[in-house]
Amino acid sequence: MLSEEHEALRQSVRELAGEVVAPIIGDFYERHAFPYEIVHQMGKMGLFGLPFPERYGGMDGDYLALCLAIEELARVDSSVAVTLEAGISLGAMPIYRFGTDEQKDRWLPALCRGESLAAFGLTEPGAGSDAGGTATRAVLDGDEWVINGSKSFITNSGTDITSVVTVTAVTGVAADGTKEISSIMVPSGTPGFTVQPAYSKVGWCASDTHELTFDDCRVPAANLLGTRGRGYAQFLQILDEGRIAFAALGTGLAQGCVDESVKYALARHAFGRPIGSFQAIQFKIADMEARAHTARLAWRDAAARLLAGEPFKRQAAIAKLVASEAAMDNARDATQVHGGYGFMNEFPVGRFYRDAKILEIGEGTSEVQRMLIARDLGL
Ligand SMILES: Cc1cc2nc3c(=O)[nH]c(=O)nc-3n(C[C@H](O)[C@H](O)[C@H](O)COP(=O)(O)OP(=O)(O)OC[C@H]3O[C@@H](n4cnc5c(N)ncnc54)[C@H](O)[C@@H]3O)c2cc1C
């Protein structure tokens, strides 16, 4: 059971999703355009500041609150949900967790208001699941880092309101002979930092994703985020937590598929009856509801452990795995329930179908989640 506060938040995000997002998001999606108006409304509601202290303009909420908001948004649209999820988990959270007081004071207030967005660049053309394979380099030259390299598929990195991108880079050789990887903050507009044109994506078409290149890009030495040489470890910590939010996103998509399928099955007639009266359709939708429910239990269990200060790595990986598979399965079945109309852009399930696949890839593929679970079992 949710507390009254959490339930009220869930309800108000549900209203925002239904009244502000649902009527216009299809148009942004078709045009591959970033929905600034919606992001502005989300900012006004305080969603970008949900898990951060009031001191930075945040809502002083907890991780459960953030995940509830993400689930409700994804129930209607995943581009908007991932803009919030990545904006917080990948963008603002590393600054909050590892930043100095000065860095937090400089960046967090506008991020919490949703007036600006931050991004995190870990993935590179040659290093995704094997993120330790980072080839981007940063060399300290006097009191500046000089960065050279590139990052792939970086969410929220090229919007008009993106203020800063934190990137991982090799900054030397560690004592044990391995790469020393650090995180460095690069403000938008820094000379030598180029945001490449937006990717043409299969799904998440109203979210912002770019390749980034760094060509003798100079930033102050003080832009190091956290401890030198801990960049990769810091990011893995951020990803553990982020998986719970990502699982909430998958759960929302899976539940949205149920919502749309029930509506359609009651309205659509075939052979003189609503298709929802056919047991084959009923069972399909019942299976979809069971998957969404199971995914929700999984992410809420992981979130409860996180909030209680208990180990949650395995549970977060399980939640991410089952929720993304539930989303994928439900998107396929919801499209089937809609027949030919499911293949048309006027119905949300077509969008859900296109948006589901990335959930098995982003923020750690399903194979990576299985590796994490197996490792945690001692294998
Ligand atoms: C729309 C979008 C947004 C993204 N946003 C961001 C972002 O904001 N920041 C960021 O840093 N990254 C981002 N990413 C990158 C994403 O996290 C990576 O794509 C993902 O981690 C997979 O890496 P890869 O694409 O290099 O695939 P690879 O690592 O090359 O994997 C290819 C395949 O091999 C499998 N594989 C790899 N290693 C193993 C193994 N040891 N055992 C079994 N199977 C294995 C994988 O599971 C996968 O099926 C985004 C990606 C997309 C598409």
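Sort 321-329, 41-49 by the packing proxy (mean of other Cβ within 10 Å over each peptide's residues), most packed first. All intermediate terms of the calculation are to be shown ahead of the outcome.
Values: 321-329: 25.3, 41-49: 21.7.
The packing order, highest mean first, is 321-329, 41-49.
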For the pair Arg31 and Ala233, how long in nm is the line joining their label points, each one 7 Å along Cα→Cβ?
4.7
Accessible area of Trp204 in the full protein assembly, 1.4 Å probe (Å², nearest 10)
20
Under 22 Å from the Cα of Lys179 - lysines, other chains or at least 8 residues apart
Lys151
Got a sec to turn the phi values of the range 14-31 into Karplus ³J(HN,Hα) couplings, 6.51 cos²θ - 1.76 cosθ + 1.60 with θ = phi - 60°, whole Hz, x for Gly and Pro?
4, 5, 4, 4, x, 8, 9, 7, 3, x, 10, 5, x, 5, 4, 4, 4, 8
Range of Cα positions in the chain per principal axis (Å), largest first
78, 47, 41
Lys201's amide H: which non-local residues (gap 5+, or another chain) put their own amide H closer than 5 Å, with H modeled 1.01 Å from N in plane and none for Pro or chain starts?
none
Sort Asp215, Asp376 from largest to smallest accessible area, using a 1.4 Å probe on the heavy atoms of the protein chains.
Asp215, Asp376
Based on the mean of other Cβ atoms within 10 Å per residue, sort peptides 365-372, 73-80, 348-355 so the most packed one is first.
73-80, 348-355, 365-372
Rounded to the nearest 5, what % of DSSP beta bridges with both residues in the chain are antiparallel?
80
Want the number for Glu346 to Glu7: 0.36 nm per residue separation, take away the alpha-carbon distance, what's left?
119.0 nm
Dividing the mean separation of Cα pairs under 8 Å (6+ apart) by the residue count of the range 70-189 yields a relative contact order in percent of 21
Order these peptides, 85-94, 58-67, 120-129, by their mean beta-carbon neighbour count within 10 angstrom, highest first.
85-94, 58-67, 120-129
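Sum -39500 (n - 2.57) across every DSSP H segment of at least 4 residues in the chain, then divide by the residue count to get the 222 nm mean residue ellipticity, nearest 500.
Values: 12 runs with 182 residues, N = 379.
Roughly -16000 deg cm²/dmol at 222 nm, from the helical runs in the chain.
Percent relative contact order of the chain, based on C-alpha pairs within less than 8 angstrom and at least six residues apart? Show your work: numbers first, answer last.
Values: 755 pairs, mean separation 60.2, N = 379.
Relative contact order comes out at 16 percent.
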With a sphere of radius 14 Å drawn around the Cβ of Gly192, what net charge do the other residues whose Cβ falls strictly inside it have (Lys, Arg +1; Asp, Glu -1)?
-1
Residues with amide H under 5 Å of Asp208's amide H, sequence separation 5 or more or different chain, H placed in the peptide plane at 1.01 Å from N; which?
Asn156
Calculate the spin-label point distance for Val202 paired with Asp141, positioning each point 7 Å from the Cα along the beta-carbon direction, and give it in nanometres.
4.1
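Test of understanding: express the Cα radius of gyration of the range 119-261 as a ratio to 2.2 N^0.38 Å, with N the residue count. Could you put the intermediate results ahead of the total?
On the way: Rg = 16.6 Å, N = 143, 2.2 N^0.38 = 14.5 Å.
With N residues counted in the range 119-261, Rg over 2.2 N^0.38 Å equals 1.14.
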Label model pair Leu266, Arg106: point-to-point distance (7 angstrom along the Cα→beta-carbon line) in nm is 5.4
What FRET efficiency would be calculated for the residue pair Thr213, Asp301, taking the C-beta separation as r and a Förster radius of 51 Å, to the nearest 0.05?
0.80
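The values are calculated or read from the model by the stated rules, or taken from the named source; none is laboratory data. Not measured: the values here are computed from a predicted model. Please note: Cβ atoms are built from the backbone with ideal geometry, for glycine as well, and neighbour counts cover all protein chains shown. The accessibility values were calculated without ligands, DNA or RNA, using every heavy atom of the protein model including side chains. Shrake-Rupley method; radii C 1.70, N 1.55, O 1.52, S 1.80 Å.
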